[in-house]
Amino acid sequence: MRTVTTLPELRTARLSLKGTVGLVPTMGYLHEGHLSLIRQARAECEHVVVSIFVNPTQFGPNEDLSKYPRDLERDLSLIEPLGVDFVWTPTAEVMYPTGYQTWVEVEAITRPLEGSMRPGHFKGVTTVVAKLFNGVQPHKAYFGQKDAQQQTVIRQMVRDLNFTLEVVVCPTVREADGLAMSSRNKYLEGENRQAALVLFHALSAAKDLYEKGEKSAEALRTKMKEIIEAEPHARMQYVSCADFDTLEELEQVKGKALLSMAVLIGKTRLIDNFILG
Ligand code: PAF
């Protein structure tokens, strides 16, 4: 399996692929969630490209960019058996050379939820994803449902900028006890690992309530808040019950809705979501 870094190397590798190409964009430190995206791409496309790039522009000044887990050798050994054509591992200098000054910014749907807590985050995500799409020219791109708002934002960007590719969103992969897989789970130690289950428990409780007939979004938000507040290691950043497409908070759940939350467990920030309807 080849790895390429520079843009000329990427162009040569891409030109050698004839037929449909699936791209799995990642920031590395791969887990079963990423591998499931690669497997789905493998099943649906003639060729698969994985990108590994810890994108500095999507991290805020007080976030975990320098600590973000990295292990390229381990990542490549996990990808190797999956039949990937090549892995693109650009450096920050390749993506943002000196003098860089072009950004892609999606508006309204980037403001609530993650956008309200992480100013500038989605501008970094959409810029780098647009650059990954331009570099690899995939027919399909694969993302996980755990980053629900990110995937809504990317879909909007794809529509607005006339990218001719399909965004495929695959189900969240969970540990046996329900914790959504995330590279940041590596930070969870001791009691915090157990405490992190509060996200899954709160979402499950709200979903149960909804399935028993509760359609008030406020009642569902309150249920999630109560469960998070009862966990001493958890600090809630937000809970939401929003329209699936617009991400606007709902009063009543009528159509498809997104239950989502961000919670600090110790110093580790976790997000998770369930879809209703
Ligand atoms: O979801 C991620 O891992 C990142 O946000 C992405 C899409 C690879 C862009 O850096």
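Each value in this text was obtained by applying a stated rule to the coordinates, not by laboratory testing. A quick note: this is a predicted structure, and the numbers were derived from the prediction, not measured. Here the Cβ positions follow ideal geometry from the backbone for every residue, glycine too, while neighbour counts run over all protein chains shown.
Across region 151-158, a minimum of one residue is classified as within 19 Å of Phe274 (Cα to Cα), out of contact with any strand residue (DSSP E or B) (no Cβ under 7 Å at 6 or more places or on another chain) and not in a loop (DSSP other than H, G, I, E, B).
Condition check for Trp103 on (1) buried (at least 18 other Cβ atoms within 10 Å of the Cβ); (2) away from the ligand (no atom under 13 Å from the Cβ); (3) assigned to a loop (DSSP other than H, G, I, E, B): one failure, at (1).
Counting only residues that are in contact (Cβ under 8 Å) with a residue 40 or more places away in the chain and of a type outside the set (Gly, Ala, Ser), which one in region 12-25 is surrounded by the fewest Cβ atoms within 10 Å (Cβ to Cβ)? Per the criteria, the residue is Thr20.
Every condition in (1) touching a residue at least 24 places away in the same chain (Cβ under 8 Å); (2) within 13 Å of the ligand (Cβ to nearest atom) is met by Leu65 except one, and the failing one is (1). Just checking, does region 190-199 include any residue being away from the ligand (no atom under 14 Å from the Cβ), within 30 Å of Ser51 (Cβ to Cβ), of a type in the set (A, V, I, L, M) and more than 16 Å from the chain's Cα centre (by Cα)? Checked region 190-199: at least one residue is away from the ligand (no atom under 14 Å from the Cβ), within 30 Å of Ser51 (Cβ to Cβ), of a type in the set (A, V, I, L, M) and more than 16 Å from the chain's Cα centre (by Cα). In this structure, Arg184 does satisfy being surrounded by fewer than 19 Cβ atoms within 10 Å (Cβ to Cβ) and under 19 Å from the mean Cα position of the chain (by Cα). Just one of (1) assigned to a helix (DSSP H, G or I); (2) crowded, with 21+ Cβ neighbours inside 10 Å fails for Gly135. It is (2). Put simply, of Phe122, Phe143 the only residue that is within 14 Å of the ligand (Cβ to nearest atom) and assigned to a helix (DSSP H, G or I) is Phe122. Could you please find all residues in region 24-58 being over 19 Å from Glu175 (Cα atoms), within 9 Å of the ligand (Cβ to nearest atom) and in a loop (DSSP other than H, G, I, E, B)? Passing the criteria: Met27, Phe53, Val54, Asn55.
Among the residues of this structure, Glu114 does not count as one that is away from the ligand (no atom under 13 Å from the Cβ) and either free of Cβ contacts under 8 Å to residues at least 60 places away in the same chain or farther than 20 Å from Arg42 by Cα (or both). Filtering region 207-237 to residues that are within 13 Å of Phe274 (Cβ to Cβ) and loosely packed, with under 15 Cβ neighbours inside 10 Å leaves Asp208, Glu211. Of the residues making up region 42-49, at least one is surrounded by 13 or more Cβ atoms within 10 Å (Cβ to Cβ) and either small (Gly, Ala, Ser) or touching a Phe, Trp or Tyr at 6+ places or on another chain (Cβ under 8 Å) (or both).
Here the condition is being loosely packed, with under 13 Cβ neighbours inside 10 Å and not aromatic (Phe, Trp, Tyr); of Pro90, Pro81, it holds for Pro81 alone.
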